[in-house]
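Since the structure comes first, as structure tokens, the remarks are kept for the end.
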Amino acid sequence: MDFTHSERSRELQTKVQAFLDEVIYPAEHTFEEQVKANNAAGTPFRTPAIMADLKVEGQSRGLWNLFLPHSESGAGLSVLEYAPLAELSGRSMALAPEAMNCSAPDTGNMELLDMFATDEQRAQWLVPLLAGEIRSCFSMTEPAVASSDATNISMSIETDGDEFVLNGRKWWSTGAMRPECKVSIVMGVTDPEADRHQRQSMVLVPLDTPGVKIERSTSVFGYDDGAHGGHGEISFTDVRVPTSNLLGPRGGGFMMAQARLGPGRIHHCMRSLGLAERALELMCERAMTRTAFGSVLAKQGVIREWIAECRIQIEQARLLTLKAAWLIDTVGAKEARTEVAAIKVVAPNVALFVLDKAIQTFGAAGVSADTPLAEGWAGLRTLRLADGPDEVHLRSIAREELRRYLP
């Protein structure tokens, strides 16, 4: 295994770091003030105005669509080359990924469109997404079933002549509340009598289609994630779209969902570790400047143990994630499934550990909005559920491990 950064990746890392230092970090306060102003005006899901300026700057610096591997549509980076860039962007999770057009769920949706869309679908949806002109959402999870098992998905997609008719309800469609969100990739059942892994298909549904109703946005530990479009609960009532809106093969929904999640989990994990690194830095700075019981916190044995444990765990998680990225590049996502499942468990839990210790070091300030720690913790805690809960990944890892002992 070789995790050596390519020259291209190193050059981009330098550019991303400069973008963070010169543009992103100084913009964070303005972004938060604009979020508050939008909330006060009753428009919590409006994108803060400063984001448009950040995206222009990100694009002008050549930091645009870096996530899309080995593709003429993106930067042509391998998953391993992009991994450290994703980590850097995670240091300002709210701003940097979107400013580089590398934020979920659009990244996963663009990957699906890049892999499976027809020429017409690419022109209508992928091109404006790559340009950052519109946003999209992904509608798979349903409130009525345990969606951690994707074969439970019950959304009905029936064929009527040259149209699909959709009926059902989805939730946790991240970004759906934003005015810029124009299309959803909807996963539903097209062939109920087929094999359980071939019943589902994916269909492109413009959100202004009659019968589509965004019911509400679900909150995350009290945060509405308004600036990023919330997490929409959407009802579909006799929604009709042309059968030409089928994305990829009929019955290929489960397969495509897995294809979407492979590299995407690398992105999530590395961004998580980027946030963990920033939390550790904040923790160390706090420990060096805060005095309690006659000495700075950094001299307290327990604080030193926390700092050491955080550094060890971050390094371990990063190495495992880089291994998974290297495997995706060399043998493919399917052959890397055990390592990908492992990092999806490890990275969010490590990041949560670091954030928890940082919050504890900050005391009451750590649970406030005065630092990025509390909101970061809330976002990372959801990552133990998003893209599959820990328990599903552990089940998969154990199954592969035990397979070696079967006759």
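Laboratory data are not the source of any read-out in this text; all were calculated from the coordinates shown. Fair warning: this is a prediction, and the values are worked out from it, not measured in the lab. Here the Cβ positions follow ideal geometry from the backbone for every residue, glycine too, while neighbour counts run over all protein chains shown.
Put in order of Cβ neighbour count within 10 Å, fewest first, the listed residues HIS5, HIS268 become HIS5, HIS268.
Please compute the Kirkwood hydrodynamic radius of the chain from all pairs of different C-alpha atoms, in Å with one decimal.
Values: mean 1/r = 0.0453 Å⁻¹.
Across the chain, the inverse of the average 1/r is 22.1 Å.
Put in line by how crowded their Cβ is, counting other Cβ atoms within 10 Å and starting with the fewest, LYS15, LYS170 read LYS15, LYS170. Across GLU193, GLU215, GLU335, mean-square fluctuation computed from a Gaussian network of the chain (C-alpha pairs under 10 Å connected) peaks at GLU193. Here region 200-227 and region 119-176 have alpha carbon centers that stand 10 Å from each other. Once backbone amide H atoms are built at 1.01 Å from N, THR174 has PHE138, GLY232 as its partners under 5 Å, excluding neighbours fewer than 5 places away on the same chain.
Set the Förster distance to 60 Å, then compute FRET efficiency between ARG216 and ARG290 from the Cβ-Cβ distance, nearest 0.05. List each step's numbers first, then the result.
On the way: r = 41 Å, r/R0 = 0.68.
Efficiency at R0 = 60 Å is approximately 0.90.
When DSSP beta bridges are limited to those with both residues in the chain, what percentage is antiparallel, rounded to the nearest 5?
Values: 31 of 37 bridges.
In the chain, DSSP labels about 85 percent of beta bridges as antiparallel.
Residues whose amide H falls under 5 Å from that of VAL296, counting only those 5 or more places apart or on a different chain, are absent, with hydrogens built in the peptide plane. Between SER73 and HIS29, the contour length at 0.36 nm per residue exceeds the alpha carbon distance by 12.6 nm.
Straight-line cross-link partners of LYS213 among the aspartates and glutamates, defined as a Cα under 18 Å from its Cα and at least 8 positions apart when in the same chain: GLU142, GLU180, GLU233, ASP238. Applying the Karplus relation 6.51 cos²θ - 1.76 cosθ + 1.60 with θ = phi - 60° to region 57-62 yields 3J(HN,Hα) values of 5, x, 5, 5, 8, x Hz, where x marks Gly and Pro.
Ellipticity at 222 nm from helices only: DSSP H runs of n ≥ 4 in the chain, each -39500 (n - 2.57), divided by the residue count, give -15500 deg cm²/dmol. Taking amide H as placed 1.01 Å from N in the peptide plane, the amide H of CYS181 sits under 5 Å from that of ARG135, each at least 5 places away or on another chain.
Taken as Cα centroids, region 1-30 and region 85-112 sit 13 Å apart, rounded to the nearest whole angstrom.
The order of ILE185, ILE134, going from fewest to most other C-beta atoms within 10 Å of their C-beta, is ILE134, ILE185. Among ALA317, ALA52, ALA369, which one shows the highest mean-square fluctuation when the chain is modelled as a Gaussian network with alpha-carbon springs under 10 Å? Checking each option, the largest mean-square fluctuation is seen for ALA369.
With 19 Å as the limit on Cα-Cα distance, the pairs of LYS299/LYS357; LYS15/LYS55; LYS15/LYS344 that go past it are LYS15/LYS344. Along region 186-198 the Karplus relation, 6.51 cos²θ - 1.76 cosθ + 1.60 evaluated at θ = phi - 60°, assigns HN-Hα couplings of 9, 9, x, 8, 9, 9, x, 8, 7, 3, 4, 8, 10 Hz to successive residues, with x for each Gly and Pro.
So, R0 is 45 Å and r is the distance between the beta-carbons of ASP53 and ALA194; what FRET efficiency does that work out to, to 0.05? Before the final figure, lay out the partial values.
Working: r = 49 Å, r/R0 = 1.08.
Once the sixth-power term is evaluated, E becomes 0.40.
Here the calculated FRET efficiency for ARG122 and THR237, from their Cβ-Cβ distance with R0 = 30 Å, stands at 0.55, rounded to the nearest 0.05.
Report D for region 135-247 in µm² per second (integer): Stokes-Einstein, Kirkwood Rh on Cα pairs, 25 °C, 0.890 mPa s.
Details: Rh = 14.1 Å.
Stokes-Einstein gives a translational diffusion coefficient of 174 µm²/s.
Placing one equal scatterer on every Cα of region 72-186 and applying the Debye formula, the log10 ratio I(q)/I(0) at q = 0.16, 0.24 Å⁻¹ is -0.91, -1.40.
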